[in-house]
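Enquirer: Got a structure for you, questions after.
The values are calculated or read from the model by the stated rules, or taken from the named source; none is laboratory data. Computed from a predicted structure; not experimentally measured. So basically every Cβ, Gly included, is an ideal-geometry build from the backbone, and we count neighbours across all protein chains shown. Only protein heavy atoms, including side chains, enter the accessible area calculation; ligands, DNA and RNA are left aside. Shrake-Rupley method; radii C 1.70, N 1.55, O 1.52, S 1.80 Å.
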Amino acid sequence: MTRVAEGGVRGVAWACAALAGGVLLHAGRVPPWAAATALALIGWRFWSARSGRALPGLPARAALALILMGVVLARFHTLNGLAAGTTLLMLMAALKLLETRGTRDERVVIAAALFLLLAACLDRQDLVRVPLYALQAWLCCAALAAVSGSLGVRAALGLAGRSLLVALPLTLLLFLFFPRLPGSFWAVPRGGAALSGLSDSMTPDGIEELILSYEPAFRATFTGALPRPEQRYWRGPVLHHFNGHTWQRDPDSFRARLPLEYLGEAVRYRVALEPSHQRWWFALDLPAAAQGARAFLTSDYQLVGAEPVNETVSFEAVSYLAARTQGTLGGGARREDTALPAGLNPRTHALAAELRARAGSDAAFVRAALEDLAANGFSYTLTPAPLGHDAIDDFLFRTRAGFCGHYASAFVTLMRAANVPAHVVTGYLGGEWNPVGGYLLVRQSDAHAWAEVWLEGTGWTRIDPTAVVAPERLRRGVMDLLPNAFPAGERLLHAARWLQDLLQRWDATNAWWSEHVVKFDYAGQLNLLARLGIREPDVRYLGWAFVLALLAWLGLTGWYLARGERRAPPDALARAYLALCAKLAGAGAPRAAHEGPLALAQSVSMRRPELGARVQGLCEQYARLRYGAPAANTHEDEVAEFARAVARLALPAP
């Protein structure tokens, strides 16, 4: 065990503060035990520095490091990737604190805190976090200034703040003009990221969890007129396989897509997807095309991206609100969309046979099924009763209460029981118009499920059985229909008009930040050069623009620093020393321009020996205060004492 060096409390405190800020930036992203362990180690180091208690020796620290590394490896199954790497860095930096002995070690810990800041910036670029990142950068720079220059709190914060302000123009120049590589250069693997949004399977409970979420799913900006609320079906995963409780997507379906005859005018729009860690790109039903080659249309007309949406993705799309399928349904597709698990839901099969026997066609059977839902007391609720083994029978004949997932599942089962091809489509319905940003905001609470049925002559036809039970759902969101199902905070945001306006303004600002800052890429740089008057911009013009801007910044910075040095007012210690020099000049012993404090004391002793002893002590005190390492928490008091001693000094004239 070793003792903490005397006088090192100030540097340890700065290192602890910087590292604690870096740990807190990742709260909620790393496992809670990791953040708690790191903060406990930081607190232990600070307590030991204040109390002078012993720190653990090398064997104990090595054992603790191996244990923590093993726990991280067991949790993430790797040490690579943003989540695992950040967790390991956080814990190892906290362990490094337990062996800090001087300025060099403290700088290493502060550097680790800066790397944690970089990891946070790579992980999340939300506008709300920008002030947190700026504060952490300020804290780390102040810590470096304090441990390197032995500055007080106010001086360190002031120096760091001025340095960051001087660097801000260069940061903007780098952001705007430094040539960027096309592609996702910063696409760091994010192991362990939680899934959000619609998945490739559906159970009623899964849809309910999304409906109860107020988080944004995506935003859509339209070129022309906004579609009516009942036309805003946003197509997502199409589910074909049913095991009696869960619907699943067919990941291995490579069938040819049947051609469509699009009816009406095209709707052109741009979608900005929030990160969902899924591959689904949501488009207005039915999509005809999407810009770029990063997504493709599946055989069931769903847009699927080449990579999961791990960061905000924008794309332009063209859709038609009405279409007719051309061609005939193949045998494999028909078998897939009429299949049902054997031995389940016998009453549903009997009802389907009865309704189909009375109907003259599949279209008439669809109408009969919808009429049955409308006439038998079904209700829309987010708190349905649990369903048993025969879930569809339970829903249709016992509980008769549910939400979109229940109705879509039951309706498709009825269709298939009568050998009518049908499947479930999941996505979103509706959206909230934001007049500030001029876009439609679709939240997770707008999650919806509906059915598609194959009808001869028209092909795949959208049928929404929820509209029969709760027709207002087509024009209003779930929050308007069932506000009591949501938490009190979200109800307050939705009910108070002024809060809703404030939320819309904030969302519009956040959307602008995401579109123009977070996603500013090589194409955005070329567009900026075009707006600056360069007709055919390329990477060469970017390089020249950056070089010229950098030279201008260097010139302005040099001028500012030189001007600041000329006009910088002396501090309290310098003012007291200048007063001492003035008194010595009046006593016939002026300070030469090249003389330091100790040389001045020798010069005074030679010219005025009777003053030598009195001046020698003051000059040595000034040299220690100006150039020596200050003792903890005593520097300002000693400066004040030195100033009072100079003021009391009375020197006789020569």
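Enquirer: Report for the chain the percent antiparallel among DSSP-assigned beta bridges with both residues inside it, nearest 5.
Expert: That works out to approximately 95 percent antiparallel.
Enquirer: Quick one: 3J(HN,Hα) in Hz for the stretch 271-288, Karplus 6.51/-1.76/1.60 with θ = phi - 60°, rounded, Gly and Pro as x.
Expert: 10, 10, 7, 6, x, 10, 6, 10, 9, 6, 10, 8, 9, 5, 6, 10, x, 10
Enquirer: If you take the beta carbon distance between T458 and R540 as r and set R0 to 41 Å, what does 1/(1 + (r/R0)^6) give as a FRET efficiency, to the nearest 0.05?
Expert: My answer for the efficiency is 0.15.
Enquirer: In the chain, with Lys and Arg counted as +1 and Asp and Glu as -1 at Cβ, which of these residues, G612, L499, T223, has the Cα nearest the positive end of the dipole, that is, farthest along it?
Expert: It is G612, whose Cα lies furthest towards the positive end.
Enquirer: Now for a separate question. Over the stretch 310-398, what is the relative contact order in percent, taking alpha-carbon pairs closer than 8 angstrom and at least six residues apart? It would help to have the intermediate numbers written out before the result.
Expert: On the way: 22 pairs, mean separation 27.4, N = 89.
Worked out over the stretch 310-398, it gives 31 percent.
Enquirer: Right, something else. Find which of V130, A592, S213 sits farthest along the positive direction of the dipole of the chain, computed with +1 on the beta-carbon of Lys and Arg, -1 on that of Asp and Glu, about the Cα centre.
Expert: With unit charges placed on the Cβ atoms, the residue in question is A592.
Enquirer: Moving to a separate point now. Which FRET efficiency, nearest 0.05, do L528 and R358 yield, Cβ-Cβ r, R0 51 Å?
Expert: Rounded to the nearest 0.05, the efficiency is 0.15.
Enquirer: I would also like to ask the following. Normalised by the number of residues in the chain, what is the relative contact order in percent for Cα pairs under 8 Å and 6+ residues apart?
Expert: Once divided by the residue count of the chain, the mean separation gives 12 percent.
Enquirer: Please check the chain for the longest run free of GluC sites (Glu not before Pro) that are loop-located per DSSP (anything but H, G, I, E, B) and have at most 10 other Cβ atoms within 10 Å. It would help to have the intermediate numbers written out before the result.
Expert: Working: sites that count: E6, E456.
Here the longest run is 7-455.
Enquirer: Hey, can you find the accessible area per residue of the chain for me, probe 1.4 Å, expressed in square angstrom?
Expert: Value returned for the chain: 50 Å² of accessible area per residue.
Enquirer: Same structure, new question: How big is the accessible area of V436 in square angstrom, nearest 10, if you roll a 1.4 angstrom probe over the protein chains?
Expert: We get 80 Å² for V436.
Enquirer: Let me ask another. By accessible area of protein heavy atoms, probe 1.4 Å, what ranking do H241, H26 get, highest first?
Expert: H241, H26
Enquirer: Please report Rg over Rh for the chain, where both radii come from the alpha carbon positions and Rh follows the Kirkwood definition.
Expert: In the chain, Rg relative to Rh is 1.15.
Enquirer: Further question: How large is the dipole of the stretch 345-490 about the Cα centre if only Lys and Arg carry +1 and Asp and Glu carry -1, each at its Cβ, rounded to the nearest 20 debye?
Expert: So the magnitude is around 120 debye.
Enquirer: In the stretch 271-327, what chymotrypsin sites (Phe, Trp or Tyr not before Pro) fall in a loop by DSSP, with at most 15 other Cβ atoms inside 10 Å?
Expert: Details: sites: W280, W281, F282, F296, Y301, F315, Y320; in loops: F282, Y301.
Here no chymotrypsin sites (Phe, Trp or Tyr not before Pro) fit, given the DSSP loop and packing criteria.
Enquirer: Now for a different question. How much net charge surrounds G327 when only the other residues with a Cβ under 13 Å from the Cβ of G327 are counted, with Lys and Arg +1 and Asp and Glu -1?
Expert: Summing Lys and Arg as +1 and Asp and Glu as -1 gives +2.
Enquirer: Also, I was wondering about something else. For the Cα atoms of the chain, what angle does the longest principal axis make with the long axis of helix 346-358, in degrees from 0 to 90, nearest 10?
Expert: With rounding to tens, the tilt is 50 degrees.
Enquirer: Above 20 Å lies some portion of the pair distances; for the stretch 404-509, what is it as a whole percent of all C-alpha pairs?
Expert: 50 percent
Enquirer: If you don't mind, another one. Which ³J(HN,Hα) values in Hz, rounded to whole numbers, follow from the phi angles of the stretch 428-435 under the Karplus curve 6.51 cos²θ - 1.76 cosθ + 1.60, where θ = phi - 60° and Gly and Pro get x?
Expert: Listing the rounded values in order: 9, 10, x, x, 10, 6, 9, x Hz.
Enquirer: Among G11, A36, L66, pick out the residue whose Cα is farthest towards the positive end of the charge dipole of the stretch 11-138, where Lys and Arg carry +1 and Asp and Glu carry -1 on C-beta, about the Cα centre.
Expert: G11
Enquirer: Right, another one. Determine the order of D394, D637, D507 by accessible area, beginning with the largest, at a probe radius of 1.4 Å.
Expert: Working: D394 35, D637 105, D507 15 Å².
The ordering from most to least exposed comes out as D637, D394, D507.
Enquirer: If you don't mind, there's one more thing I want to ask. State the antiparallel share, in %, of DSSP beta bridges confined to the stretch 257-413, rounding to the nearest 5.
Expert: 90 percent
Enquirer: Would you work out the charge dipole size for the chain about its Cα centre, treating the Cβ of every Lys and Arg as +1 and the Cβ of every Asp and Glu as -1, and quote it to the nearest 20 debye?
Expert: Around 2860 debye, computed over the chain.
Enquirer: Right, another one. How much accessible surface does I42 have with a 1.4 Å probe, in Å² rounded to 10?
Expert: 10 Å²
Enquirer: For a quick check of understanding: with a 1.4 angstrom probe and all protein chains in place, what accessible area in square angstrom does H516 have, to the nearest ten?
Expert: Its accessible surface works out to 100 Å², give or take rounding.
Enquirer: A further question follows. Nothing charged except the Cβ atoms of Lys and Arg (+1) and of Asp and Glu (-1): what's the magnitude of the dipole of the stretch 334-420 about its Cα centre? Round to the nearest 20 debye.
Expert: 100 debye
Enquirer: Once fully extended, how much extra length lies between N484 and R255, figured as 0.36 nm per residue of separation less the alpha-carbon to alpha-carbon distance?
Expert: Residue separation times 0.36 nm, minus the Cα-Cα distance, leaves 78.0 nm.
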